[in-house]
Amino acid sequence: MALPHSLYNETSIMARDREQVRYPARIVAGVAAAVLFCLGGAFQSYGLESAYQHQSPDPYQISAQFVRFAPVLSAVPENAVLGYVTDAEPGSTVDSALLLSAEYVLAPRLVTRGTNHDWVLGNFTRPADFAAFGKSRGLRLQQDCGNGVVLYRKEPQT
Amino acid sequence: MTGLIWVLEAVLLGCLLVYRWTDLRTVQPAWAAWLLIFGAGAAGGIGVTSCLFFVCGVLLGSPLAALVLELAAMAWLGYECLRRRAPVAQTSAETRPVALPWIAGGLLLALGIATAAMAIAWDLNAQGNWDAWAIWNLRARFLASPAGLAERAWSPVLGSFTHAEYPLLISAFVGRAWAFSHSVSTAVPAATSYVFFLALIALAAGGVTVLRGPTLGLLAALSLASAPPLLREVPAQYADVPLAAYIAGAILFALLDRPILAGILAGFAAWTKDEGLLFLLLFLAATAIFRRRTALATCAGALPAAAFVAAFKLLLARGNGSLLSSSLPGASHRIFDVSRYGTALAAFGREFIGMASGWYHPILPLAILAVALRFERERRRDMAFSFAILAALLLGYFGIYILTANDIVWQLQTSLSRLLVQVWPALILAGFAGLHAPEAAAIVTRVAESRVRRKARA
């Protein structure tokens, strides 16, 4: 019976053995192929992901919304609930992206569709007569912040 | 950037908790023990601090109390860990891993490549993808806000797109770091997602090493670190990678016979996403069937987070309808619509194929190793346990698609790829856990050194 490995190797009076470990070729090939495939996949994934990110950086322009809504952030108190009007086609991706990005940037203010609030945010995709747009909905133009962002106040009811 | 300090503090607190309260430090080899402590500690620490902030900072209105409690706990745990010396590690059986330094080098290289790709996304798309700013980070901004505005995070006014009924682990954690640092830095949600990715890799490497040896442990981690769909989701800043980490972690710790830890991670899965709630129920059911001896301990581990979810859903967010509740009207009609099954099945097949990046599909490494190493009969029970949970989870997702009142094509297109990412790591780990360990096939010959020298001289 062989001595335990450590004792055998650490006893100077005995002849030292060197341990040679081999694996079946099937296992070596399998492990090597798995490693190489993974690394190939990592490089492949890097190339495609990097190209995609450079092609469509910030596709909904969320970072730019912080600049667009900066005047609203300073004009409207944090606890306010704002109404919301837009010229985007209802139900379209642009419509959803405009509303949700406004909610994100203006939080903790709440933004909700409609004009039933003291403050109403106008979020427009193209130039227009914003004062007339508001007036037709019972809103008074409070501040044209530029870049299609308009702040309205609800007209006092007569 | 000070927000990052609070991300790291949560990770450290979690690692101290795991080190102090579990016996993972005694696991062999030691590097696998440290990986498991990091993996469980990072995921658990984020979960614990998220819950603590939600109670103290949001419900009681005192973020300072949460901060003080965390720091006090960390100081005490640090002292405890230093005071109590780690038990002497047991001598492990001699293992002969196959080309371990090469695989470890490959893993580090893959992690470096993955991180470089993510860095491009962090730079060019700092706010993350749609759901990041429309759901998770939006709600984090509410939770971080002062003066009692935090309850807006689950206000029905937010609308159906924002899913105010979703659980709050990720949002509360990000909000916590923003509140503690008094700044809303995009680095916090990006780092949170990345920490979960690293935790997942660490859990895979450490867990499979303990189960099946270091060669398969590192290969499992490598196959996840190079999986394109997983890598794509990390910089998106969604809750799917955290959920994937909790699902994989819970199953791994169940296989490692650590039922309390498994239960805790399964509970946090439920506090992360609604799909995690389904996972928790299936996980507990599978534990009761396959691992009855550990069922009570698993339930005990899951109880605190499950209670959190129940309280949130039933008391706070009860005004918001869920995807399931909104799907119930007209469900009987949709169940019998055969075309929906065809649409969903085709989408599942398409998405599975679409997980590839160019020529590389992330199933390839496991497929190659399954051919080379073959599955081990003695691991059938473990594999049955893991695959039963994951198959039932996928079946549950399939059922939701059949039931949903939303346009099924839109629903599949916008969510299915992410649902597959949630279960993919656990599927891969379950597969690796069932393989023959290559170390067992080592052919060892002892040659007298003098003979070797003679041979070399000749």
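Just so it is clear, none of the values below were taken in a lab; they were calculated from the coordinates. Bear in mind that the values here come from a model prediction, so they are computed numbers and not experimental data. All Cβ positions, even for glycine, are placed from backbone atoms using ideal geometry, and neighbour counts span all protein chains on display.
Starting with the fewest neighbours, write out B:W130, B:W271 ranked by other beta-carbon atoms found within 10 Å of each beta-carbon.
Details: B:W130 20, B:W271 26.
Ascending Cβ contact count within 10 Å gives the list B:W130, B:W271.
Globularity index of segment B:62-220 is 1.38 (Cα radius of gyration / 2.2 N^0.38 Å, N = number of residues). Across segment A:137-142, computed HN-Hα scalar couplings (Karplus, 6.51 cos²θ - 1.76 cosθ + 1.60, θ = phi - 60°) run 10, x, 10, 9, 5, 8 Hz from first to last residue, x flagging Gly and Pro. With neighbours defined as other Cβ atoms within 10 Å of a residue's Cβ, the residues A:D87, B:D23 order from fewest to most as B:D23, A:D87. For segment B:324-458, the Kirkwood hydrodynamic radius from C-alpha pairs, put into Stokes-Einstein at 20 °C and a viscosity of 1.002 mPa s, yields a diffusion coefficient of 115 µm² per second. Per residue of chain B, the DSSP helices (runs of n ≥ 4 H) give a summed -39500 (n - 2.57) that works out to -22500 deg cm²/dmol at 222 nm. Calculate the dipole size of chain B relative to its Cα centre from +1 charges on Lys and Arg beta carbons and -1 charges on Asp and Glu beta carbons; express the result in debye to the nearest 20. My answer is approximately 1520 debye.
Take the alpha carbon atoms of segment B:241-399, find their radius of gyration, then divide it by 2.2 N^0.38 Å using N residues; give the quotient. The partial results should precede the final answer.
On the way: Rg = 18.1 Å, N = 159, 2.2 N^0.38 = 15.1 Å.
Segment B:241-399 yields a ratio of 1.20.
What do you get when you divide the Cα radius of gyration of segment B:159-246 by 2.2 N^0.38 Å, with N the number of residues? The reported ratio for this selection is 1.29. Each principal axis of the Cα atoms in chain B has its own extent, and those three values, largest first, are 84, 60, 48 angstrom. Which listed residue (B:G301, B:L280, B:A248) has the Cα farthest towards the positive end of the charge dipole for segment B:241-342, taking +1 on Lys and Arg C-beta and -1 on Asp and Glu C-beta about the Cα centre? Positive-most Cα among the choices belongs to B:G301.
Please express the shape of the protein assembly as shown as an equivalent ellipsoid: the semi-axes are the square roots of 5 times the eigenvalues of the C-alpha gyration tensor, given largest first in whole angstrom. Each step should come with its number before you reach the end.
Values: eigenvalues 497, 134, 109 Å².
Output for the protein assembly as shown: semi-axes of 50, 26, 23 Å.
Using square roots of five times the C-alpha gyration tensor eigenvalues, list the equivalent-ellipsoid semi-axes of segment A:14-158 in whole Å, biggest first. All intermediate terms of the calculation are to be shown ahead of the outcome.
Values: eigenvalues 734, 57, 30 Å².
Each semi-axis is the square root of five times an eigenvalue, giving 61, 17, 12 Å.
Per residue, the Cα convex hull of segment B:376-455 amounts to 129 Å³.
Taken residue by residue and averaged, Cβ atoms of other chains lying within 10 Å of the Cβ of B:114-125 number 5.
Beyond 21 Å, what share of the Cα-Cα pairs of segment B:222-308 remains, rounded to the nearest whole percent?
Values: 1136 of 3741 pairs.
For segment B:222-308, the fraction of Cα-Cα distances above 21 Å is 30 percent.
A simple charge model with +1 on the Cβ of Lys and Arg, -1 on the Cβ of Asp and Glu and nothing else charged puts the dipole of the protein assembly as shown at about 1840 debye relative to its Cα centre.
Over all directions, the projected convex hull of the C-alpha atoms in segment B:98-166 averages 7.5 nm² in area. 3J(HN,Hα) along segment B:190-196, derived from phi through the Karplus expression 6.51 cos²θ - 1.76 cosθ + 1.60 where θ = phi - 60°, amounts to 5, 5, 4, 4, 5, 4, 4 Hz, with x in place of Gly and Pro. If you count the DSSP beta bridges with both ends in the protein assembly as shown, what percent of them are antiparallel, to the nearest 5? Beta bridges within the protein assembly as shown, antiparallel portion: roughly 70 percent.
Rg over Rh for segment B:1-74 works out to 1.06, using Cα positions for both radii and the Kirkwood form for Rh. Neighbour counts of C-beta atoms inside 10 Å place A:E103, B:E439 in the sequence B:E439, A:E103, starting with the fewest. Cα-Cα pairs above 15 Å in segment B:330-405: how many percent? So the pairs more than 15 Å apart make up 71 percent of the total in segment B:330-405.
For A:Q142, nonlocal amide neighbours, meaning residues 5 or more places apart or on other chains whose placed amide H falls under 5 Å from its own, are A:L151, A:Y152, A:R153.
Of all the C-alpha pairs in segment B:1-150, what % are more than 27 Å from each other?
The proportion of pairs with Cα distances above 27 Å equals 43 percent.
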